[in-house]
Structures are given as C-alpha cells and as structure tokens.
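The structure under discussion appears below in the form of structure tokens.
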Amino acid sequence: MRIGIVADIHCNHQAVAIALERMGTVDELLCAGDAVYQFRFSNEVMELLRRHHARYVLGNHEEVLLGRWGERARNAPTVRRENLAYMQSQPFNLDVQVNGRRLYMVHGSPWEPRNEYIYPNSPALKRLGQIGSDLVVLGHTHYHMAERVGRSLVINPGSCGEARDHRNGFCLSYAILDTETEEVTFDHFEDPTRALLPAEGHR
C-alpha cells in the first residue's frame, strides 16, 4: 500500500497541488495538521484535501482558527461553509488500522504540551515508542524525519507549505510510505510562491 503524507501546508495551495501531482497515485493521503494559518482560511487547500479523501488531523493553527480568537477569520465572507464544516469535523489525533498496521497520527505531540516540537534529536522522540503503534506520523516541526523507535516507525514529512528545514536547502517536502516494506521516500521541491515574494523578504 502506498501512502502519501503531507503536513504544515499553511494555506499554500499551489505547493500542495504540486506535491499531489508529483507523488502520483496513492492509496491513502494523510495530512498531519496546520493546513491553514491561525487567522487565515484556505478554501483551495480544504478542497484539495476533500477531493483526495485525506485522513486529516488538526494542528495548533486550526485550533486557534476554530477557537474564540479565530471567529472573525472563519466567518469572513470568502470562507465556504462546506469547507469550514469539513475542517471542524476533523480530530486532533487519529488511531486507525491501515493495511494491517496500527497508525497513529497527531500534529505535535500525543502528550501535553501538545505543541511540543519533536525533532530527530529530541528526548521526547523515544517516548513515541510507548504508543504501541507500528506507524506514528507527526508534523509541526517542518523538518522531515523517518526514525525507528522500538517497534514504531516515526515519520514527519516536513512542510508542504512553509520551508524551514536547512538540511534540504529550505525546500518544501512530502513523504511516501510503502506499508509493505515500511520504506519512506521524501521528495523535496522549491516553493512555487517564492517568485511572488521580494527576494530580501524571503528566507
């Protein structure tokens, strides 16, 4: 089974459209949160996730947008109600069976503080083996990662919308997981919105 994984899109619908085209046919699409900004909604991103029947968990940016401080942003006249309803219906974590393997997905951390950044060298990484899942998918850091922790394969696809990973030259990324072999492949590509920004204003 071939699973495409994206995270931290942050309203960059041009980038996620490129990622979906580059990854080709997948049996499942996962989105590990922060598909939007906390005060900015994206109809285009939601419609891409809906169209691909993505399994999608909410991140810290969705939490703000859906809370009291995001009321003005989510009630803007440009926000399509069906897309907002789709986002509101998503969980903060997912624990499912996929092709005979237990998959757990959360945006930041399964424990408090939920918005902890778990990098490959984080002490908290070792705790993820306690979940007991075959596959653990995270987002939040914008750093790609595939690490074996006990019986668990921990995957972060990196960011498909806002590059922060110096290890790949600040490119965007997504991951492909083969559930039969547990091989993880990362694809890195340039942000198509970079050309729209002043050179001095972009990292």
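The values are calculated or read from the model by the stated rules, or taken from the named source; none is laboratory data. Values in this document were obtained by computation on a predicted structure and should not be read as measured data. Because the Cβ atoms are built from the backbone with ideal geometry, glycine has one as well, and the counts that use them run over all protein chains shown.
What the table shows:
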quantity	calculated
Single match in Asn121, Asn93 (criterion: at pLDDT 95 or above, out of contact with any Ser or Thr (no Cβ under 6 Å at 6 or more places or on another chain) and on the phi < 0 side of the Ramachandran plot)	Asn93
Which numbered condition Trp111 fails, given (1) part of a loop (DSSP other than H, G, I, E, B); (2) of a type in the set (Phe, Trp, Tyr); (3) within 19 Å of His10 (Cβ to Cβ)	(3)
Single condition Lys126 does not satisfy, out of (1) surrounded by fewer than 19 Cβ atoms within 10 Å (Cβ to Cβ); (2) part of a loop (DSSP other than H, G, I, E, B)	(2)
All strands (runs of 3 or more DSSP E) inside the stretch 1-101 with 3 or more residues being under 17 Å from the mean Cα position of the chain (by Cα), surrounded by fewer than 19 Cβ atoms within 10 Å (Cβ to Cβ) and not hydroxyl-bearing (Ser, Thr, Tyr)	93-98
Selection status of Leu172, in contact with a Phe, Trp or Tyr (Cβ under 6 Å, 6 or more places away or on another chain) and modelled with pLDDT of 95 or more	yes
Selected residue (criterion: farthest from Glu180 (Cα to Cα)) from residues of the stretch 129-169 that are in a loop (DSSP other than H, G, I, E, B) and of a type in the set (Asp, Glu)	Glu162
